[in-house]
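Asks: Quick one: structure below, then a few questions.
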Amino acid sequence: MNKLLVVVDYQNDFVDGSLGFPKAVELHEKICEKILFYRAQGQPIVFTLDTHEPDYKKTQEGRNLPVPHCIRGTGGHELFGRVQNLSQGCEKFEKGTFGSDLLFAYLQKNTFESIELVGLVSNICVISNAVLAKTALPEAQILVDAACTSCFDPLLNEKTLDILEGLQIKVTNRRLIFSLHCRGTNGIFPSLPLSSAPPVLGSACVRSLRKDTISSGKALCAKVMSSVSLRKNVICSAKTLRVKELTFLAPRPRIALQS
Ligand SMILES: [Zn+2]
């Protein structure tokens, strides 16, 4: 009993329900694999469940986020997909807010070499419970698997991973993401250090690209896109885009390309 897996709020409403988003669905396989891995090692697994009552909208969270979710007794409160079955026999902690006081108490009563968190959403409940885990067991290694967590905004997710790392939480399986910020006016494109461009994940970039009719950026964009394996997602957009700035979100520093 020395390596704990905490599956945070992987509930229907956060995956494909009232607060769901496509990336949350994509995590399903990875989270199932993670649970099965811990199970095969004979390590403990616990689950947190965001749990609200029918008066949710009257609560502070409900006033700030007026989207009812995870109401006790509804389908949205249940764990998503195969995770529901895989959770059988495991300890579950219902919680009315982001962090789980019951998880904190459980951690204080136990000794773990490491505590790994997966689930949803990275920028609210995963980070909240990671901080609680760090507080409850300062000598345990706290981990967050970046391949098993996300939030609705890929860039916000990256920022959250940065904050987690700053909290001395080990973020595993982190992929590099860059975003291209485009402007709609004339400009000059300095050369890019393409040879040093890291492998990246493309989906975040598409969100931040804005269309522009100026074609001078075409070659550069095409080059950038192909060099970072974004061909599939972005290459057609790149024909009408121009780049003013390339931001490596992690772990490279920001690189300004404006001349
Ligand atoms: Zn909630």
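Asks: Of all residues being charged (D, E, K, R) and touching a residue at least 12 places away in the same chain (Cβ under 8 Å) in segment 102-123, which is nearest to the ligand (Cβ to nearest atom)? Just the residue, please.
Replies: E116
Asks: Suppose we keep only residues that are in a loop (DSSP other than H, G, I, E, B) and within 13 Å of the ligand (Cβ to nearest atom) within segment 42-54. Which one would you say is farthest from Q84 (Cα to Cα)?
Replies: E53
Asks: Quick one: in segment 4-36, which of the residues that are more than 14 Å from the ligand (Cβ to nearest atom) and touching a Pro at 6+ places or on another chain (Cβ under 8 Å) is modelled with the lowest pLDDT?
Replies: K23
Asks: Which residues, taken from segment 1-22, are surrounded by fewer than 19 Cβ atoms within 10 Å (Cβ to Cβ) and out of contact with any Asp or Glu (no Cβ under 8 Å at 6 or more places or on another chain)?
Replies: Those that are surrounded by fewer than 19 Cβ atoms within 10 Å (Cβ to Cβ) and out of contact with any Asp or Glu (no Cβ under 8 Å at 6 or more places or on another chain): M1, D16, S18, F21, P22.
Asks: Does K57 qualify as being within 15 Å of the ligand (Cβ to nearest atom) and in a helix (DSSP H, G or I)?
Replies: Judged against the criteria, K57 is a match.
Asks: Any idea which of V171, V144 is in a strand (DSSP E or B) and at pLDDT 95 or above?
Replies: V144
Asks: Within the group V83, V126, which residue is part of a helix (DSSP H, G or I), more than 16 Å from the ligand (Cβ to nearest atom), in contact (Cβ under 8 Å) with a residue 60 or more places away in the chain and surrounded by 20 or more Cβ atoms within 10 Å (Cβ to Cβ)?
Replies: Answer to the check: V83.
The values are calculated or read from the model by the stated rules, or taken from the named source; none is laboratory data. In this text, all values refer to a predicted model and were calculated from it rather than measured experimentally. Because the Cβ atoms are built from the backbone with ideal geometry, glycine has one as well, and the counts that use them run over all protein chains shown.
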